[in-house]
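The values are calculated or read from the model by the stated rules, or taken from the named source; none is laboratory data. For clarity, every value in this text was computed on a predicted model and none was experimentally measured. In this analysis, Cβ positions are derived from the backbone assuming ideal geometry, glycine residues included, and neighbour counts consider all displayed protein chains. Just so you know, the surface numbers come from the protein's heavy atoms only, side chains and all, with ligands and any DNA or RNA stripped out. Shrake-Rupley method; radii C 1.70, N 1.55, O 1.52, S 1.80 Å.
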Amino acid sequence: MSDLLDEFRKAKLDAPVSRRYILNGILGVSAVAAFGPLLAACATSKSSTEAAPGIKLGGELNYIGYSGEDAAGVAKDFLTKNGIKMNPTFIASADEPLTKFKTGGRGQLDIISDNKDFQRAVLASGEELYQALDLARIPNAAGLFPAFAKAEWLTKDGNVYGIPLIWGDEPCVYNPAKWSEMPAKYTDFADSKYKGELVMVDDPIANTWLWAKSMGIADPSRLTQAQLDATIKEILKTKPNVVTFSASLGDQADVLVRGDASIAIGGWSYQVVLAEKKGVKLKAASPATDGTYYWSDAYGIAVDAPNVDNAYAFIDYMMSPEANAAIATELGSGATIAAAVDKLDANTKGLYDYSIVAQKGGGVLGTQVVVPPINDDGDIVGMPKWVKAWTAFKLA
């Protein structure tokens, strides 16, 4: 495992970026800071901020996960009233909590926020990271949509290891004044008519998966070295049409708003809302044949967490309809609590198709796997080799 962690560290500059950084991009840090208190007021107006009977809260709460999902604004009142000091560590790629845990962080981590495919991979690998949850201590989780109640990717041997917080997809976002629709397949973006029109995020996992799927590979998350090489060769046909590889979805949105490109591949529906605030009209759609990919992030509690009571209380608070609606609004994402949806503003509510998560198992959200195995699995290559191939692609 140590060799794998070393390889991840070396690949850090090329690791998958996080969509959550979008608010620090197009809106700016000051705008987020101003928006936070409004959301906090929304969350605390009806949600209980008190600890469960018999539980005394207070002290530290150590968080590691995506920026924004520490809910600094949304949970401010809850944390203050219970004397809890949140200590956040933000990640840019899904492997970082496991790396931290394996390199001296055990016994120092409380709440982990990560994406469903990495969580699935950790549980499948048998790696220690998450502890089984006592759902009796998270009563608000009873309000989860059917897709998220004891989600398959967070369950093992009858135990639940995570509580979904938000979800969404990453379609193409484009300028409708220039394009009436998206092509049928991602491989069609190699057409010369798209020259100087495309912006892609510097994400080796998402882009490799999208092109592998477009090529008809049965499971694009499980590639042999030959299939990975063929996929990179196919993406190279589109590279001449790409204006830039942005560092985040926020940067990608900025490129569209400035008009430096007219199509964002693997974008985010919320970019449409943010662009509208800048007076720019964009649309979101996916190639009709290939579709898009879905994600969900969940809270887990680390093995040997030092502040378990604080962690359980925080997660339960964030599962209240008011807090869940507030965090979904702040992060431009889908709510995971059914009763939260009616508390969303029209723009946020309209971003995602809730019929997907209303079904048990979550349909494509539940069955679709985007992240490759952590380690090589026979002739199936692991995540580090995807990153290495992407690095070579950018240099080509």
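The table for this structure:
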{"item": "Rounded to 10°, Cα long-axis angle of helix 249-258 versus longest principal axis of the chain", "result": "50 degrees"}
{"item": "Shape call, the stretch 259-382: gyration tensor on alpha carbons, a/c limit 1.5", "result": "oblate"}
{"item": "Semi-axis lengths, Å, the stretch 251-332, gyration tensor of Cα atoms, sqrt of 5 times eigenvalues", "result": "35, 16, 12"}
{"item": "Protection proxy ranking of 109-115, 285-291 - average other beta-carbon atoms within 10 Å, highest first", "result": "109-115, 285-291"}
{"item": "Angle in degrees between helix 225-236 and the longest Cα principal axis of the chain, rounded to the nearest 10", "result": "70 degrees"}
{"item": "Accessible area per residue, Å², the chain with all protein chains present, probe 1.4 Å", "result": "39 Å²"}
{"item": "Cα Rg, Dmax (largest Cα-Cα span) when computed across the stretch 105-240, Å", "result": "19.7, 57"}
{"item": "Kirkwood estimate for the stretch 166-315, i.e. one over the average of 1/r between Cα atoms, Å", "result": "16.7 Å"}
{"item": "Average Cα contact separation per residue, the chain, under 8 Å, 6 or more apart, as relative contact order %", "result": "28 percent"}
{"item": "Peptide ranges 156-166, 190-200 listed from the most packed, as the mean C-beta count within 10 angstrom indicates", "result": "156-166, 190-200"}
{"item": "Relative contact order %, the stretch 225-378, counting alpha carbon pairs below 8 Å whose residues are six or more apart", "result": "14 percent"}
{"item": "Considering only the chain, percent of DSSP beta bridges that pair antiparallel, nearest 5", "result": "60 percent"}
{"item": "Degrees, to the nearest 10: 321-330 long Cα axis against longest axis of the chain", "result": "40 degrees"}
{"item": "Percent accessible area from carbon and sulfur atoms, the stretch 235-349, protein chains only, probe 1.4 Å", "result": "48 percent"}
{"item": "Calculated [θ] (222 nm, deg cm²/dmol) that DSSP helices of n ≥ 4 give over the chain, each run adding -39,500 (n - 2.57)", "result": "-9500 deg cm²/dmol"}
{"item": "Relative contact order of the stretch 94-169, defined on C-alpha pairs under 8 angstrom at six or more residues apart (%)", "result": "27 percent"}
{"item": "Reach of residue 56 by Cα under 18 Å, taken over aspartates and glutamates that are not fewer than 8 positions away in the same chain", "result": "77, 110, 134, 309, 316"}
{"item": "Cα-derived Rg over Rh, computed across the stretch 105-146 with Rh taken as Kirkwood radius", "result": "1.00"}
